[in-house]
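Visitor: Take this structure first; my questions come after.
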Amino acid sequence: MWLLDKMLTKVIKQGRLIITDHDGKVYEYGPGGPTKESGDAPIRIRLTNKKASGHIARYPQVGAGEAFMWGWLHVEEPHDIRDMILFVTAQTKARGDKVLQPQGPMKRLIQKAAAKADSVNLKGKARKNAEHTYNLTRRLYELFLDEDRQYTMGYYRDADPSKTSLEQAQRDKKAHMAAKMYMQKAREMDRPMRVLDIGCGWGGFALYLNKHYGCEVLGVALAPDQIAFCKERAKEAGVDDKVKFALMDYRDVEGTFDRISSVGLLEHVGTPHYPQFMQKTAELLAPDGVMFSHCCGRAGPPGFTDAWTRKYIFPGGYIPALSELVTQSERHGWQVMDVEAMRFHYSHTLEEWYNRTVMHREEITEMYDEQFYKMWLFYLAGAEQAFRNGRMVNWQIQYVKDRNAIPMTGEYVYEESARLRAAEEPPVWHLDPALKQAAE
């Protein structure tokens with residue numbers, strides 16, 4: 001316990017954290033008093049295994065996650081694991097969260113090298129990684145995502161996120177992205193606009209673009225169940241002749257497209273493959289086309305993905321710095337026309353995903369088990385803190401090959417996104433009646 005005790009003594013400078021070790025000995029940290037993350041009550045943690053403290057202290061991100069999953073770490077009511085994570089990381093924020101990195105230069109070097117090797121995503125490995133992440137039970141995603149299964153950041157237009165439902169935030173995001181792609185150009189063409197959606201998820205954005213612009217869309221992804229679900233949705237909507245989906249690596253796509261979108265895709269490509277991605281998409285896009293990319297990003301220099309996330313959630317995943325994206329695009333003929341850093345939108349999205357996961361605890365543990373449920377909670381809370389207290393943002397980048405491809409000024413983005421928002425009825429989350437009553 002001495003190593004964890006030493007670390008927490010340095011970290012906790014506000015509020016109160018109380019840890020009861022496996023042997024009943026109590027350790028207290030912080031001066032007391034309320035904090036935004038813990039409220040008036042101290043956060044109380046019980047460690048039930050003698051190995052827990054050492055496991056956490058040697059590598060806090062991996063150790064804390066595994067201790068929670070394995071039942072070695074319990075957060076006592078009225079708090080939960082999200083409160084604990086936000087409480088600790090809010091206090092490490094000023095120090096650049098270095099205290100949560102592997103301790104010692106050799107450990108950090110080993111972790112960085114391992115993360116670099118893991119980011120090499122050849123075709124076979126890329127498909128395996130996608131299946132690990134996205135081929136979970138369909139019902140799981142229904143329980144915490146919005147009705148359209150948007151598994152990326154929602155767009156919160158109001159500074160107070162409580163005034164915007166997750167469903168509305170996700171629709172507003174689709175409007176914002178479509179406007180940045182300058183999709184209204186489709187109305188001036190003498191043929192249907194052709195769009196390639198790389199990493200199409202569950203098909204929501206592809207279907208949205210077809211609905212509003214009558215375009216032909218090809219969506220590609222590597223998770224079989226995702227593609228099967230996409231095809232079902234297109235057929236049900238009666239647009240499977242216009243919106244097609246294929247279980248395919250983007251590197252195998254052929255043809256020419258007027259627009260290319262990639263939403264939540266570049267995090268899975270891997271930095272060694274960015275040159276290939278930029279070259280291939282440049283080959284696929286028409287000379288006067290527009291490519292739009294939305295991905296998680298680092299508001300700072302390049303780094304590496306922590307071992308816990310790579311092991312349990314996104315194998316082969318890496319969140320890029322802006323420099324890594326722009327440098328490679330410049331080398332392959334792209335011109336960057338617009339960059340927007342979406343700062344806290346994902347933290348609000350992840351908070352809602354976390355709350356909906358908690359609501360469905362019983363069903364999730366029945367589908368999987370308690371360890372999976374706890375893993376999912378730790379993932380969502382850990383990701384939220386990275387966007388709330390860390391340096392993670394979402395990058396939205398607009399690329400062209402010819403600067404004449406978009407209007408002279410940027411008003412077209414906000415005018416079109418407003419038109420799209422007005423064109424649809426506000427969405428509603430169809431929560432199970434029993435859960436809705438409990439939530440109220």
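The values are calculated or read from the model by the stated rules, or taken from the named source; none is laboratory data. Please read these numbers as outputs of a predicted model, since none were measured by experiment. All Cβ positions, even for glycine, are placed from backbone atoms using ideal geometry, and neighbour counts span all protein chains on display. Calculation scope for accessible area: heavy atoms of the full protein, side chains included, ligands and nucleic acids excluded. Shrake-Rupley method; radii C 1.70, N 1.55, O 1.52, S 1.80 Å.
Visitor: Condition test on Asp338, is it modelled with pLDDT under 95 and not aromatic (Phe, Trp, Tyr)?
Guide: For Asp338, the condition - modelled with pLDDT under 95 and not aromatic (Phe, Trp, Tyr) - is not met.
Visitor: If you don't mind, another one. I'd like the full set of residues that are within 29 Å of the chain's Cα centre (by Cα), open to solvent by less than 90 Å² (accessible area, probe 1.4 Å) and closer than 20 Å to Gln91 by Cβ, limited to the range 25-61.
Guide: The answer is Thr35, Glu37, Ser38, Gly39, Ile43, Ile45, Ile56, Ala57, Tyr59, Pro60, Gln61.
Visitor: Looking at the structure I just gave you, is Asn389 under 27 Å from Thr92 (Cα atoms), in contact with a strand residue (DSSP E or B) (Cβ under 8 Å, 6 or more places away or on another chain) and among the polar types (S, T, N, Q)?
Guide: no
Visitor: All but one of (1) open to solvent by less than 50 Å² (accessible area, probe 1.4 Å); (2) more than 23 Å from Tyr141 (Cα to Cα); (3) out of contact with any Asp or Glu (no Cβ under 8 Å at 6 or more places or on another chain); (4) of a type in the set (S, T, N, Q) hold for Thr409, so report the exception by its number.
Guide: (1)
Visitor: If you go through the range 268-286, how many residues are over 15 Å from Gly317 (Cα atoms) and either open to solvent by 10 Å² or more (accessible area, probe 1.4 Å) or not in a helix (DSSP H, G or I) (or both)?
Guide: Within the range 268-286, residues that are over 15 Å from Gly317 (Cα atoms) and either open to solvent by 10 Å² or more (accessible area, probe 1.4 Å) or not in a helix (DSSP H, G or I) (or both) number 8.
Visitor: Within the range 72-84, can you find the residues that are in contact (Cβ under 8 Å) with a residue 40 or more places away in the chain and over 23 Å from the mean Cα position of the chain (by Cα)?
Guide: Across the range 72-84, the qualifying residue is only His79.
Visitor: For Pro102, all conditions in the list (1) of a type outside the set (A, V, I, L, M); (2) at pLDDT below 55; (3) not in a loop (DSSP other than H, G, I, E, B) hold save one; what is the number of the exception?
Guide: Every condition holds for Pro102 apart from (3).
Visitor: Still on this model: For Arg171, are the conditions met, namely being modelled with pLDDT of 95 or more, in contact with a Pro (Cβ under 8 Å, 6 or more places away or on another chain) and either open to solvent by 10 Å² or more (accessible area, probe 1.4 Å) or on the phi < 0 side of the Ramachandran plot (or both)?
Guide: In short, yes.
Visitor: If I filter the range 379-399 down to residues being aromatic (Phe, Trp, Tyr) and crowded, with 23+ Cβ neighbours inside 10 Å, which single residue comes out as farthest from the chain's Cα centre (by Cα)?
Guide: Tyr399
Visitor: Taking strands (runs of 3 or more DSSP E) that fall entirely within the range 13-88, which contain at least 2 residues that are modelled with pLDDT of 95 or more and within 20 Å of Leu377 (Cα to Cα)?
Guide: Answer list for the range 13-88: 43-47, 73-75.
Visitor: I'd like the residue in the range 178-216 that is among the aliphatic types (A, V, I, L, M) and open to solvent by 10 Å² or more (accessible area, probe 1.4 Å) and, out of all such residues, is farthest from the chain's Cα centre (by Cα).
Guide: Only one residue fits best here, namely Met189.
Visitor: Within the range 338-357, take every residue that is under 20 Å from Lys180 (Cα atoms) and not small (Gly, Ala, Ser) and give me the one that is least open to solvent (accessible area, probe 1.4 Å).
Guide: Only one residue tops the list, namely Met342.
Visitor: Here's something else I'd like to know. For the condition open to solvent by 40 Å² or more (accessible area, probe 1.4 Å) and within 20 Å of Gly316 (Cα to Cα), what is the one hit in Leu247, Leu265?
Guide: Leu247
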